[in-house]
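Here is the structure we will look at, set down as structure tokens.
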């Protein structure tokens, strides 16, 4: 199970990094989503992988799983979801104003408009 | 418990939504409420600083839960100083935004401003690493909104880059926190400090990875080379007052480095002097890149952005010593460089709003209105950021030079600081003479027909006395910092002493927990 989860996180991260380095904003947004999935899975795994245990202390159960990473992941999911929505809106805004969805700044950002 | 500790977070958290929900269409009301809230934060921050003067570390347990389990807010000298600085810059720059009419050019400026201050105040106050992440996100979300305030193609494009860079940084932050949690089982900063100190040396591989990841995260926020690529375009393309407020944002990253690498991972713990060994070369390269950028920019905003980068480099050289004189000099320079960077951005914006089409390009253009007073403010801000006497930057640079006297390779460090200062002076002089003096030669020439940098908006009130006063207030801050250099330096020294002896901090959080749940 550890191997499965670790390789899944690794694949997601690799795909995320590759897509984030593309130059069109659509691919970059997808890449950021994958990166945040990978991070969330990783964060979830930091409490150790346990099966069939409740996240609270209970006399009936044989043990418990660490509830804190689950709470952290919930916060992280909410934040990354909101951020993804925001970056999509901003990328759309740049697309509408600029006419293309390239992620790099055009030359006139550094050189200025021709006087 | 002193309930005033939570007010710097709660007050803007209430005023922000109030502005969005209750006074969306009434700009005057927004201005009144938002300015009053920022002024109240300044008064509160000063009062908290007076309480922190004696050296007592105050703890506020949210919901009165016991320490490693509940979230705590902490007030020590460093946190109090940062609160005062944030509120001071926040208030001055907000008055500038009102005076120059920037807050009219888009929606929700004042609400976002309050959320931004809430995130900054929270980041300085919190004593919990995950809570620090949450406050980072709050201040970042607000900064995304402020960054693209009033729109425009290049601003949106630069904004997308800024958001994506910081999203990657946030993922890294989470990964760092996860790594540290899996190694120690806690995220309370004081508790972390205890457990890291007790950890057997053979078992620290994961922890060291976490520490370095965390350093990378803070280095992204502080814009240390080679993680600085987001800064120049963001600062150059952000609205002038927003760029001035962002002067405090890089300092949040510096604050994180100071806090974590004195409290949790001090030089005698698991990572030894690894942090210092990496940060010092990075700081030197940051300084070189920043000051070269000042000399090489063709755009006023970009020049100010590179000047900000250079000041972060100088600051980090002092902080990377992680010893008493270095931290003292660093804290002093932190106060100075925040004021100087904010003043420079406002001076640049004063020029841009008076030029045709809001142009910030370093090209000869007809003379601007009120050239005398704007030139004086630009001159003062440039002297401040370059570190020339008589303003506080000179004392700051002296203190930084003094603090590295015992370091290895002191000759190289001194040479880099002094030579790059010369580069910055040359760059700033060229910009000033081109904008203010060569303009007279171009007086009769027809104005160049360039496409405007700013999207069209209502004509700015050109005289704008409030905007000039707000910029002058930041310059006056540097003058006061020079005049009261003695007391401020003593405070910085006391702060540094508190930082290198974290025992009372840990004591305050984890012991004396009567009456908690």
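Quick notes
- Note on residue B:514 and residue B:198: the model spin-label points, each 7 Å out from Cα along the C-beta direction, lie 2.4 nm apart.
- Overall form of segment B:320-388 per C-alpha gyration tensor (a/c, 1.5; a/b vs b/c): prolate
- With a 10 Å cut-off around each Cβ of B:181-194, the average count of Cβ atoms from other chains is 2.
- Intensity falloff of segment B:196-334 expressed as log10 I(q)/I(0), Debye formula with alpha-carbon point scatterers, at q = 0.17, 0.19, 0.21 Å⁻¹: -0.86, -1.02, -1.19
- Contour minus Cα-Cα distance for residue A:7 and residue A:77 (0.36 nm per residue): 23.1 nm
- Treating each Cα of the protein assembly as shown as one equal point scatterer and applying the Debye formula with no solvent, the log10 of I(q)/I(0) at q = 0.08, 0.11 Å⁻¹ comes out as -0.55, -1.08.
- Helix A:25-45 axis, angle to chain A major axis (alpha carbon atoms, nearest 10°): 20 degrees
- FRET efficiency for residue B:501 and residue B:379, using Cβ-Cβ distance with R0 set to 30 Å, rounded to 0.05: 0.10
- Estimated from the Cβ-Cβ distance and a Förster radius of 56 angstrom, the FRET efficiency linking residue B:229 and residue A:60 is about 0.55.
- Counting Cβ atoms of other protein chains within 10 Å of each Cβ in A:87-97 and taking the mean gives 6.
- With the largest listed first and rounded to whole Å, the semi-axes of the equivalent ellipsoid of chain B from the Cα gyration tensor are 37, 26, 20.
- 10 Å Cβ neighbours from other chains, averaged over peptide B:158-169: 6
- Mean sequence separation of contacting Cα pairs (under 8 Å, at least six apart), scaled by the length of segment B:18-77, corresponds to a relative contact order of 24 percent.
- Spin-label model, residue B:438 to residue A:70: label points 7 Å out along the Cα-to-beta-carbon direction sit 6.6 nm apart.
- Choice from A:105, A:12, A:41 showing the highest fluctuation, given a GNM over chain A with Cα pairs closer than 10 Å: A:105
- For a modelled paramagnetic label at residue B:414, 7 Å from Cα along Cα-to-Cβ, the residues of segment B:367-394 in reach, with backbone nitrogen under 20 Å, are B:387-389, B:394.
- Computed from Cα positions, the angle between helix B:205-222 and the longest principal axis of chain B comes to roughly 20 degrees.
- Modelled label reach - residue A:50, point 7 Å along Cα→Cβ, segment B:42-76 residues with backbone N closer than 18 Å: B:69
- Gap separating the Cα centres of segment A:34-50 and segment B:143-213, nearest whole Å: 15 Å
- Calculated P(r) tail over 23 Å for chain A, as whole % of Cα pairs: 48 percent
- Spatial separation of Cα centroids for segment B:322-372 and segment B:28-93, in angstrom: 26 Å
- Three-way shape label, segment B:280-341, alpha-carbon gyration tensor, a/c 1.5: oblate
- Folded to 0 to 90 degrees: helix B:465-483 orientation relative to chain B principal axis, Cα: 50 degrees
Bear in mind that the values in this text are calculations on the coordinates, not laboratory data. Please read all numbers here as calculations on a predicted model, not as lab measurements. Please note: Cβ atoms are built from the backbone with ideal geometry, for glycine as well, and neighbour counts cover all protein chains shown.
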